[in-house]
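First the structure, in the form of structure tokens, and then the observations on it.
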Amino acid sequence: MNKGSLLSLDRLVVTYGAVRAVRDLSFAISPGECFGLVGESGSGKSTALRAIAGLAPIASGNVMLAGQTLMGPRDLHFHRRVQMVFQDPYGSLHPRQTIERQLMEPLRIQRFPDRPDRVRGVIRRVGLPESFLYRYPHQLSGGQRQRVAIARALLMEPDVLLLDEPTSALDVSVQAEILNLLMDLREERVLTYLLVSHDFGVIGTMCDRLLVMRHGLAVEEMSNADLRAGRATSAYARQLLEASRGYHPEALADVG
Ligand SMILES: Nc1ncnc2c1ncn2[C@@H]1O[C@H](COP(=O)(O)OP(=O)(O)OP(=O)(O)O)[C@@H](O)[C@H]1O
Ligand SMILES: [Mg+2]
């Protein structure tokens, strides 16, 4: 295991009853890196993220943050350093609370003294007017809701964002806006990303390295350059790559 890595998995196994959702997964992400997880539906991508966040039952193996093995329920310190953004911001926002209340609450739990300033700061940073703080989630568009979810993840000034298909529920133009926001934030705040997507175009735009998963296992690790050149060694990764090119012929050409 690479000693300089910020976040790593070591032979992680996650089981739900008889289902082995993640079977033997290892990878190590360096500080400031964007690492992608890609694979077909059910390959265990979300489960891997959830296991890191303490939301999935780890049968064996380790999750390490800055060299320390994480055990048991994740504590306040973990949530200061690692935040997660989900695919469907509607599901992750409380329907009957204003945006302001939902952004204040995590800060209250963490006992931050400068709550109103922080809330206004993040909402502006994600490109929303402050008046949106007094709205409810149903009064926002999908892209605006995802901006709120990103604002919430930024509140604690974390080091790591776990991004589970953060744009797949959005239409293509809004998707590009959110990806741009995420790229700017990463540079500005020296964030480390673990990004799940089934879209090689998204991964190719965002990530330095990626791991192709299948049936809860790592199939192949690739660099961004490998991806752009279509240099996959395993038959499975090649097949996945070709299928995605067939579907979106412009996807990889666009980002080159
Ligand atoms: N809470 C759960 N209880 C039982 N089985 C689960 C649970 N969560 C996930 N699984 C199973 O674990 C496997 C991996 O699921 P996971 O959600 O990690 O896949 P994924 O790669 O994120 O797929 P998708 O691209 O569709 O989001 C699947 O077979 C799924 O049915
Ligand atoms: Mg998933």
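The values are calculated or read from the model by the stated rules, or taken from the named source; none is laboratory data. Note that the coordinates shown come from a computational prediction; the quantities given were computed from them, not determined experimentally. Neighbour counts run over all protein chains shown; Cβ positions are idealised from the backbone, glycine included. Each accessible area value is taken on the protein alone, full model and side chains, heavy atoms only, with ligands, DNA and RNA left out. Shrake-Rupley method; radii C 1.70, N 1.55, O 1.52, S 1.80 Å.
Express the relative contact order of the chain as a whole percentage, based on alpha carbon pairs under 8 Å and six or more residues apart in sequence.
Values: 452 pairs, mean separation 64.7, N = 256.
25 percent.
What does the helix-only formula give at 222 nm for the chain: each DSSP H stretch with n ≥ 4 adding -39500 (n - 2.57), the total divided by the residues, and the result rounded to the nearest 500 deg cm²/dmol? Working shown, then result.
Working: 11 runs with 102 residues, N = 256.
My calculation for the chain gives -11500 deg cm²/dmol from helical runs alone.
Quick check: Cα centre of the range 98-117 to Cα centre of the range 1-39, how many Å?
About 31 Å separates the Cα centre of the range 98-117 from the one of the range 1-39.
Amide H to amide H, which residues 5 or more places from V219 or on other chains are under 5 Å from it, using H placed in the peptide plane?
Long-range HN contacts for V219: V212, M213, R214.
Would you please give the residues with an amide H less than 5 Å from that of H198, counting only those at least 5 places away or on a separate chain, with H modeled from the backbone geometry?
Hits under the 5 Å cutoff: none.
Keeping the other protein chains in place, figure out the carbon and sulfur percent of the accessible area of the range 38-82, with a 1.4 Å probe.
Working: 1130 of 2210 Å².
Of the solvent-accessible surface of the range 38-82, carbon and sulfur hold 51 percent.
Leaving out ligands and nucleic acids, note down the accessible area per residue over the range 155-196 with a 1.4 angstrom probe, in whole Å².
Numbers: 1640 Å² over 42 residues.
Averaged over the residues of the range 155-196, the accessible area is 39 Å².
Determine the per residue accessible area of the range 3-142 with all protein chains present and a 1.4 angstrom probe, expressed in square angstrom.
Spelled out: the 1.4 Å probe surface of the range 3-142, per residue, equals 50 Å².
By how many nm would the segment from S30 to R111 lengthen if fully extended, with 0.36 nm per residue of separation less the alpha-carbon distance?
Values: separation 81, 0.36 × 81 = 29.16 nm, distance 2.95 nm.
So the extension gain works out to 26.2 nm.
In whole percent, how big is the carbon plus sulfur part of the accessible area of the range 107-218, probe 1.4 Å, protein atoms only?
Numbers: 2190 of 4650 Å².
Solvent-exposed carbon and sulfur of the range 107-218 make up 47 percent of the total.
Which whole-number percentage describes the relative contact order of the range 13-105, with Cα contacts under 8 Å and a sequence gap of 6 or more? Walk me through the numbers before you get to the answer.
Values: 58 pairs, mean separation 20.6, N = 93.
Normalised by residue count, the contact order of the range 13-105 is 22 percent.
When the Karplus curve 6.51 cos²θ - 1.76 cosθ + 1.60 is applied with θ = phi - 60°, which whole-Hz ³J(HN,Hα) does each residue of the range 134-140 get, with x for Gly and Pro?
9, 8, 9, x, 5, 8, 10
Amide H to amide H, which residues 5 or more places from T192 or on other chains are under 5 Å from it, using H placed in the peptide plane?
G32, V160, L161
Only bridges with both residues in the chain count here: give the DSSP antiparallel percent, nearest 5. Provide the component values of the computation, followed by the final result.
Details: 21 of 40 bridges.
Antiparallel bridges make up about 50 percent of those DSSP assigns within the chain.
Can you tell me the Rg and Dmax of the chain, counting just the alpha carbons, in angstroms?
Answer for the chain, Rg first and Dmax second: 18.1, 54 Å.
Each residue of the range 68-85 in order: what ³J(HN,Hα) in whole Hz does its phi give by Karplus 6.51 cos²θ - 1.76 cosθ + 1.60, θ = phi - 60°, with x for Gly and Pro?
Each residue of the range 68-85 in turn: 10, 6, 8, 10, x, x, 6, 9, 4, 4, 4, 5, 6, 8, 10, 10, 10, 10 Hz.
With labels modelled as points extended 7 Å from the Cα through the Cβ direction, what inter-label distance (nm, one decimal) is found for H215 paired with R135?
Here the modelled spin labels are 4.6 nm apart.
How large is ³J(HN,Hα) for each residue in the range 233-239, as worked out from phi by the Karplus curve 6.51 cos²θ - 1.76 cosθ + 1.60 (θ = phi - 60°), to whole Hz, x for Gly and Pro?
8, 6, 4, 5, 4, 4, 5
Along its three principal axes, how long is the range 175-224 when you only count alpha carbons? Whole Å, largest extent first please.
Rounded to whole Å, the extents work out to 34, 21, 17 Å.
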